[in-house]
Amino acid sequence: MTEKRITIATADEQIKQLYETAFPEDEQIPWDDLMRLVGEMPLDFTAYYDGQDFIGFTVVYPRKSFNWFWYFAVREKLRGKGYGQHILTQLIEQYKGQPFVLDMESPTQVCENIDQRKHRHDFYLRNGFRDTNVYRTYRSAQRDACQSKSDITMTIMMMGEGTFTMQDWDDIIHELQQFWWPDDIKEG
């Protein structure tokens, strides 16, 4: 598997399409805003290929206290074939010795995609992450499969030493707000 660093100039339609289909709309930063952030923030945006075939991508926000695992997606037709495991293993090796944190849709929130959420949660647990039991609910004006108005409860998974607190989450949100934060998202 090969890796390719993604910039505004190298992001292509395959990456954009996967981004826009792999994540619920409420979890997406509009593509144009994400591309702007790639230019403005110290983001590690990487695409993965098997030969010439696009497999997926990751976006990591390296920080001093921990690395924020922002987005991770594998093309739907390639899921369950070991590619995600291989990519995650590479990321763990790349950031070895540093805490790694990600947020994901809570596997405890009642929702139509509960099985998908539990599968993702189990994947991260099998790979050495632990659930911090730190949760935050976001509300927006959009509709989704969970509620009449979107309520997305996120949980934090962590790998490495240390803890992750609500204050840590507040700190990273404050950092992100310096670059981007939509008007229609409100914390619940």
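None of the figures in this text is laboratory data; all of them are computed from the coordinates on show. Since the structure is predicted, the reported quantities are computational estimates derived from the model, not experimental observations. Here the Cβ is made from the backbone with ideal geometry for all residues, glycine too, and neighbour counts use every protein chain on show.
What the table below lists for this structure:
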read-out: DSSP-loop trypsin sites (Lys or Arg not before Pro) across segment 1-83, with at most 13 other Cβ within 10 angstrom; value: Lys64, Lys81
read-out: Taking only Cα atoms of segment 2-187, radius of gyration then Dmax in Å; value: 15.9, 43
read-out: Charge context of Gln85, other residues only, Cβ under 11 angstrom, K/R +1, D/E -1; value: +3
read-out: Stretch gain in nm, segment Lys16-Leu125, where the contour uses 0.36 nm per residue and the Cα spacing is subtracted; value: 36.4 nm
read-out: Computed over segment 37-133: relative contact order in percent, which uses C-alpha pairs under 8 Å that are six or more apart; value: 17
